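> Sharing a structure below in structure tokens format, with a few things to ask.
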Amino acid sequence: IFGRDQKSLELVIFERFEQGKRYRGVAKGKNLIVIQLESFQSFLIGFHYNDQEVTPNLNRIVSQSIYFENYYQQAGCGNTADAEFVSLTSLHVPGNEVAYEVYADKTLEALPAILRNHGYETIAFHGNTGWFWNRKKIYPNLGFDKFYSLEELNNDEIFGLGLSDLSLYKQAIEIIKRSNKPFFAFIVTLSSHTPFLIPEQYKMLTLDHKHEGTIFGNYLQSVHYADYALGWFIEELKKEGIYENSIIVLYGDHAGIQPFVKENAEIMKEVLGKEYDYAEAFRVPLVIHIPKLSLNLRVQTIGGQVDFLPTMLNLLGIDADQSKMVGKDLLNCSESFVALRYQVPDGSFIDERRYFMVSPDGFLQNSFAYDRILEKPLPYYECLDGYKKAIQQIELSRAILKEHR
Ligand code: GP9
């Protein structure tokens, strides 16, 4: 049993084999609005800090959506841009190089290209300069018709790494409402970017003295602001009559609170009441909101950003050549598995029972192997099948990319 549809109180049972297509085409022909939320981690869902709800708007959306609880980042050193690449192409990033640089000249079967072939207008929005992470070069090759970056947008409110989320949403809505065909809007937010410093007037949470000025404290303030801006955007979509005809998808790009920083690990352990490790830090939310369905479904299937594209294609009822993708449709899959990337060596993985983190020295026998159900260490050799599976997936992705012109 992978989830419970709490609205109908009907147990939703996903068989562990390919069994036809659950939710196939439920968003067919709808506008698609995908918001990549900077540094959003899954612990934020439902999280309260000193009786203050940190992401109330996101929580409200989650309660009416399909929420993937065990979804993991798969970015490499290209951080935000790598998260975009994996999600839009269902292929892995190189790891120690930036995907948007290495693969900039390739014309890939990416989500925007597929949607454009199905009559969609495809528009990307990001509040930093167009050349940051080489977006200006690669976006047309991924299939975006238009890209609104800092150069094209009104720079009316800048802080942190670029345009404020509120300004980005305000300008994005003016642009998408002019679209005269179904559109795919890809909005990459920025206000909750490390080191999470936002203007005083937007710091709306009351922090304990001990958390003032810490990464944790600043993070909470910035995601709370980002959530406020998101709430504004959703209400505006409703006012403009766009909401009902759209599917709204939200996901976190990568961790914001890095566990290898001692202060972060200590504070998070105290706050969450458990060890703060990579497995927790890499868990990012994926939320799919289909207004007319108003689902309240929590999916526990383990997956990662490489699974985003096949999952979306199923919901949109679009057939594409999935032999060029390495991900799985998380609503119709027979496995619960994610290959972890970059900050942990390739071959690291999480599945329903195991968490395996390859030792940085490359010796498998020195790796961290853990039984997540029995909560005890495992001998490393009990994880070798998962290790091989992770490596094979990454190698298959490399081979696909090599073949691609
Ligand atoms: C800037 C933004 C940076 O365009 O993508 O985010 P990062 O990759 O540093 O997380």
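> Is it true that some residue in region 332-342 is surrounded by fewer than 19 Cβ atoms within 10 Å (Cβ to Cβ) and closer than 26 Å to Val299 by Cα?
Yes: region 332-342 contains one or more residues that are surrounded by fewer than 19 Cβ atoms within 10 Å (Cβ to Cβ) and closer than 26 Å to Val299 by Cα.
> May I pose another question? Return yes or no: is Lys146 at pLDDT 95 or above, surrounded by fewer than 22 Cβ atoms within 10 Å (Cβ to Cβ) and touching a strand residue (DSSP E or B) at 6+ places or on another chain (Cβ under 7 Å)? Please lay out each step first, then the result.
Numbers: at pLDDT 95 or above: yes; surrounded by fewer than 22 Cβ atoms within 10 Å (Cβ to Cβ): yes; touching a strand residue (DSSP E or B) at 6+ places or on another chain (Cβ under 7 Å): yes.
Yes: the conditions hold for Lys146.
> Further, regarding this structure: Please note which strands (runs of 3 or more DSSP E) are completely contained in region 1-91 and include at least 3 residues that are among the aliphatic types (A, V, I, L, M) and modelled with pLDDT of 95 or more. Walk me through it before giving the result.
Working: elements: 3-5, 10-12, 31-37, 66-68.
Because the criterion is at least 3 residues that are among the aliphatic types (A, V, I, L, M) and modelled with pLDDT of 95 or more, the strands (runs of 3 or more DSSP E) in region 1-91 that meet it are 31-37.
> Here is a further query. Suppose we keep only residues that are under 14 Å from Ala339 (Cα atoms) and of a type in the set (Val, Ile, Thr) within region 352-396. Which one would you say is surrounded by the fewest Cβ atoms within 10 Å (Cβ to Cβ)?
So the residue we want is Ile391.
> Would you mention how many residues in region 166-207 are of a type outside the set (Val, Ile, Thr) and within 21 Å of Phe144 (Cα to Cα)?
17
> Specify which of the listed residues (Ala279, Ala229, Ala265) is among the small types (Gly, Ala, Ser), surrounded by 13 or more Cβ atoms within 10 Å (Cβ to Cβ), closer than 30 Å to Lys146 by Cβ and away from the ligand (no atom under 16 Å from the Cβ).
Going through Ala279, Ala229, Ala265 in turn, just one is among the small types (Gly, Ala, Ser), surrounded by 13 or more Cβ atoms within 10 Å (Cβ to Cβ), closer than 30 Å to Lys146 by Cβ and away from the ligand (no atom under 16 Å from the Cβ): Ala229.
> When you go through Val261, Val344, Val326 one by one, which is the residue that is of a type in the set (Val, Ile, Thr) and more than 20 Å from the chain's Cα centre (by Cα)? Steps first, please.
Values: Val344 fails: more than 20 Å from the chain's Cα centre (by Cα); Val326 fails: more than 20 Å from the chain's Cα centre (by Cα).
Result of the check over Val261, Val344, Val326: Val261.
> Ser63 - would you say it is more than 16 Å from the ligand (Cβ to nearest atom), within 26 Å of Leu168 (Cα to Cα) and not β-branched (Val, Ile, Thr)? Walk me through how you get there before you give the answer.
Details: more than 16 Å from the ligand (Cβ to nearest atom): yes; within 26 Å of Leu168 (Cα to Cα): yes; not β-branched (Val, Ile, Thr): yes.
It is true that Ser63 is more than 16 Å from the ligand (Cβ to nearest atom), within 26 Å of Leu168 (Cα to Cα) and not β-branched (Val, Ile, Thr).
> Kindly list the number of the only condition in (1) in contact with a Ser or Thr (Cβ under 9 Å, 6 or more places away or on another chain); (2) part of a loop (DSSP other than H, G, I, E, B) that fails for Val344.
(1)
> Go through region 116-159 and report how many residues are within 19 Å of Ala226 (Cα to Cα), out of contact with any helix residue (DSSP H, G or I) (no Cβ under 8 Å at 6 or more places or on another chain) and within 12 Å of the ligand (Cβ to nearest atom).
Looking only at that region, the number is 2.
> Please work out which one of (1) under 20 Å from the mean Cα position of the chain (by Cα); (2) farther than 27 Å from Phe85 by Cα is the condition Val188 fails and give its number.
Among (1) under 20 Å from the mean Cα position of the chain (by Cα); (2) farther than 27 Å from Phe85 by Cα, the lone unmet condition for Val188 is (2).
> Could you please find all residues in region 160-199 being in contact (Cβ under 8 Å) with a residue 40 or more places away in the chain, within 16 Å of the ligand (Cβ to nearest atom) and part of a strand (DSSP E or B)?
Phe186, Ile187, Val188
> I'd like the full set of residues that are within 11 Å of the ligand (Cβ to nearest atom) and in a loop (DSSP other than H, G, I, E, B), limited to region 92-115.
Residue satisfying the conditions is Val98 alone.
> Then there's this: Can you name every residue in region 366-387 that is without any contact (Cβ under 8 Å) to a residue 24 or more places away in the chain, closer than 23 Å to Glu280 by Cα and part of a helix (DSSP H, G or I)?
Asn366, Leu384, Asp385
The values are calculated or read from the model by the stated rules, or taken from the named source; none is laboratory data. Small disclaimer: the values here were computed from a predicted structure and weren't measured. Positions of Cβ are generated from backbone atoms using ideal geometry, with glycine treated the same way; all protein chains shown enter the neighbour counts.
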